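The values are calculated or read from the model by the stated rules, or taken from the named source; none is laboratory data. Quick caveat, the model's predicted, so the values are computed rather than measured. With ideal geometry, Cβ positions are generated from the backbone for all residues, glycine too; neighbour counts draw on all protein chains shown. Accessible surface areas use protein heavy atoms only, side chains included; no ligands, DNA or RNA. Shrake-Rupley method; radii C 1.70, N 1.55, O 1.52, S 1.80 Å.
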Amino acid sequence: VPSYDAAAENLRAVVEQSRAAGIPLVLLGHCTRGRPARVMAEVAGATGTPHLDATRLLEEKVPALATDARFAAHREAMRERYGPELEANPIWLAFLPDRCHPNALGHQLVAESLADVVAGIVAEPDR
């Protein structure tokens with residue numbers, strides 16, 4: 001079983017190889033929490049690589065998804081799908097019930113944030 005140190009080393013190698021090949025890179029953390037998410041963030045910081053922690057992004061958006069008027073139609077659709085269980089599991093407003101993979105709105109929110117990250121790369125091509 002690889003260690004987190006080995007995972008970090010492998011990720012750094014991917015960054016280095018991508019840069020050497022002239023390939024722009026964004027590290028996207030998806031279905032990562034805890035130590036795996038921290039490893040990716042640490043490598044991104046140490047290498048100056050753009051990074052988006054999609055899981056954290058969506059978790060942080062759940063309160064707004066649960067209350068903001070612009071998401072009212074989404075909440076209603078989720079209530080129809082999940083019934084009263086949604087109240088006990090508001091994370092389902094952004095994720096599938098596995099609490100890992102984004103639902104359709106979650107994917108849209110990640111895509112919007114990723115577009116901002118990519119726009120930063122285009123503006124600063126030496127990254």
Two-decimal Rg/Rh across the chain, once Rg and the Kirkwood Rh are taken from alpha-carbon atoms: 1.06
Extension gain, R12 back to A66 (0.36 nm per residue minus Cα-Cα distance, nm): 15.7 nm
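Between R99 and R38, what is the FRET efficiency for a Förster distance of 22 Å, r being their Cβ-Cβ separation, to the nearest 0.05? Present the calculation step by step, with values, prior to reporting the outcome.
Details: r = 19 Å, r/R0 = 0.85.
For R99 and R38, the calculated efficiency is 0.75.
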Trypsin sites (Lys or Arg not before Pro) within the range 1-66: DSSP coil, no more than 14 neighbouring Cβ in 10 Å: R33
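Could you sort V117, V15 by their accessible area in this structure, using a 1.4 Å probe and putting the largest first?
On the way: V117 30, V15 0 Å².
Reading off the accessible areas and sorting them downward yields V117, V15.
Would you mind working out the accessible area per residue for the range 16-95, using a 1.4 Å probe, and quoting it in Å²? Before the final figure, lay out the partial values.
On the way: 4430 Å² over 80 residues.
Value returned for the range 16-95: 55 Å² of accessible area per residue.
Can you pull the percent of the chain's accessible area that's carbon plus sulfur, 1.4 Å probe, other chains left in place? Walk me through the intermediate numbers first.
Numbers: 4250 of 7560 Å².
Whole-percent figure for carbon plus sulfur exposure: 56.
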Fluctuation leader among A41, A64, A104 - the chain, Gaussian network, Cα springs under 10 angstrom: A64
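Pull out the extension gain between I121 and H107, defined as 0.36 nm times the separation in residues minus the alpha carbon to alpha carbon distance; nm, one decimal.
Details: separation 14, 0.36 × 14 = 5.04 nm, distance 2.06 nm.
Answer, rounded to one decimal: 3.0 nm.
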